[in-house]
Each structure stands twice: as structure tokens, then as C-alpha cells.
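For reference, the structure discussed in these notes is given below.
The values are calculated or read from the model by the stated rules, or taken from the named source; none is laboratory data. All values derive from a computational prediction rather than experimental measurement. Here the Cβ positions follow ideal geometry from the backbone for every residue, glycine too, while neighbour counts run over all protein chains shown. For accessibility, only protein heavy atoms count, side chains too; no ligands or nucleic acids. Shrake-Rupley method; radii C 1.70, N 1.55, O 1.52, S 1.80 Å.
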Amino acid sequence: MCERPPGTLPAMGAEKNALDAPPYSAAPVEVLRLPAGRRERDRVAVEEPLEIRIGGRPVAVTMRTPGHDEELALGFCVSEGLEPVRASLAPDLAANTVEVEAPGVDVERLQRSFYTSSSCGVCGKGALEAVAVDAPRVEGRLHVAAGLLAGLPEQLRAAQPAFAVTGGLHATGLFDTDGELLCLREDVGRHNAMDKVVGWAFGEGRLPLAEEILCVSGRLSFELVQKAAVAGCPILVAVGAPSSLAVELAADRGLTLCGFARGGRLNVYTETWRVLA
């Protein structure tokens with residue numbers, strides 16, 4: 001994630017977005033600016049736990065930035081192959097808790113295997129096989145111009161209100177083939193931001209994302225490729241670099257993986273035929 005340098009203000013174009021940032025996404029702190037020696041008030045990204053329940057029983061906890069919690073829970077369940085129906089705030093009104101309706105799920109098994117954190121969505125799982133979710137190979141014949149894909153991270157950055165305030169949040173955006181932003185979500189966890197977008201798409205009846213493009217603000221990890229594959233999205237773009245496992249999984253599932261998208265350039269690592277030079 002490309003962070004705002006400490007002690008700097010958002011760019012002029014970002015100030016309006018900063019004013020629109022949800023109040024629950026940032027918290028005030030006191031900071032010492034060095035070498036100037038000034039003590040000032042600043043804002044940092046909020047990070048709080050979210051408990052996801054199925055049938056009233058907790059199955060996972062993720063550290064996230066509050067907001068769009070129902071989408072996050074739905075996206076998480078979709079990514080894990082749980083076939084959710086809907087999500088809502090817990091009936092007992094417990095704070096930081098979302099209840100998911102997912103008939104037929106073996107809650108006992110889930111409780112033994114799930115735990116996520118904002119730093120790594122697959123921590124606590126014993127082996128690669130344990131996190132591999134079955135997803136059909138993406139076979140869509142979508143073609144998109146390289147120039148459009150290279151410009152998506154800049155569009156994503158311009159639309160991040162909470163990042164403009166804190167400099168400390170990841171983002172995922174869903175774009176159509178004309179480069180129009182359909183949905184953007186921010187979160188302290190990169191995998192949470194992706195889950196929120198997938199959860200939104202689920203709620204809108206847009207899955208699989210056969211004619212859309214996903215763009216993320218940081219690097220391309222295995223978990224993000226996994227979630228894009230489950231969502232059926234043919235193209236995943238990032239401003240940062242992919243990992244070796246991300247490239248391997250993208251090739252296996254038929255995704256076009258684009259990294260280092262900046263300044264009108266990008267690297268295409270897999271399924272290069274979808275990108276029109």
C-alpha cells in the first residue's frame with residue numbers, strides 16, 4: 001500500500017473526499033512531528049474485531065475497519081465456499097458482530113478451522129490445501145485495453161476518502177470494462193476490502209464477476225487471487241507486485257494478473273491475451 005508520508009496533508013483533490021470519510025473509519029491521536037518537534041492532532045485508521053456468526057455460533061474473527069460489516073461477512077463466506085443467503089447485525093445487538101444465514105453449513109467444522117487477522121487472511125491454517133477453495137476456472141473471453149487497466153489504481157486512489165485522512169487503509173475497487181468505478185471499499189486489511197466488494201456484488205446479484213475488473217491498492221497476494229477466482233473475476237490489477245504463489249494460482253484458475261500498474265504501464269503475469277496493447 002502506498003502510504004501518505006507522515007506529517008503531510010492530503011492533496012487538494014483529496015480534501016473533499018477526506019471531508020466525506022466515514023467518522024467510524026478514523027480515530028484521533030496525538031503525534032510528535034520530528035525533526036520539527038511539534039505535537040499535533042492526527043487521525044489513524046480504526047481497527048476493531050468483527051465476529052462472524054452462523055446459526056448464532058461464532059465461526060471467525062477478523063480485525064477490520066468498521067463499516068459495511070454485512071458485506072464483509074458475506075464476502076468472507078462466499079470466498080470460503082459457504083453459500084450464504086444474507087447477513088445482518090446480531091439479533092442480541094452485540095457490538096462488532098454479524099450474523100450470517102447459511103443453511104447446511106457444518107458450524108462445528110468451521111469453528112475448528114477459521115481464524116483471520118488484518119495482516120494475513122490465511123494465518124492459522126495448516127497447509128496450502130486447507131485454504132484452497134474450489135473455484136471454476138475463469139474462461140470468460142473478456143478483452144480490455146492496457147491503457148485502461150494501467151490507469152485503474154490512480155482512479156482507485158482518488159476515490160479513497162478514509163485513506164486521504166489516515167494514509168493507512170487498503171482499498172479494493174470493482175470496475176466495468178469502460179473503467180467506471182462500480183464499488184469501492186476501504187479497510188485496514190487488504191483481504192477485508194476485497195471481501196467487502198465481493199459481499200456487495202453478492203448482495204447486488206452480480207456474481208460471478210465475468211465482465212468486471214477488480215483493482216487493489218497494494219500488492220497481489222495469494223489470498224486476493226483466491227477471492228477474485230471464487231468471485232469469477234477474469235482480471236485482477238494492482239499497483240504493487242505479485243507473490244510467486246499469487247502468479248501460480250492465477251495461472252491455474254485462468255485469471256489475468258496485472259501488477260505494477262502505474263504511470264501508464266503495467267506488468268501482465270498470466271493470461272496475457274485478455275490485455276490489448
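Miscellaneous remarks
- Here the peptides 171-184, 22-35, 135-148 are ranked by packing, the mean other Cβ count within 10 Å, and the order with the highest first is 171-184, 135-148, 22-35.
- Rounded to the nearest 10 square angstrom, Val268 shows an accessible area of 50 square angstrom against a 1.4 Å probe.
- Cβ-based net charge around Ala90, under 13 Å, with every Lys or Arg adding one and every Asp or Glu removing one: -4
- For region 137-277, the solvent-accessible area works out to 34 Å² per residue, with a probe of 1.4 Å and every protein chain left in place.
- Total formal charge among the other residues, if their Cβ is under 12 angstrom from that of Pro234, Lys/Arg +1 and Asp/Glu -1: 0
- With every protein chain in place, region 147-277: carbon and sulfur % of accessible area (1.4 Å): 50
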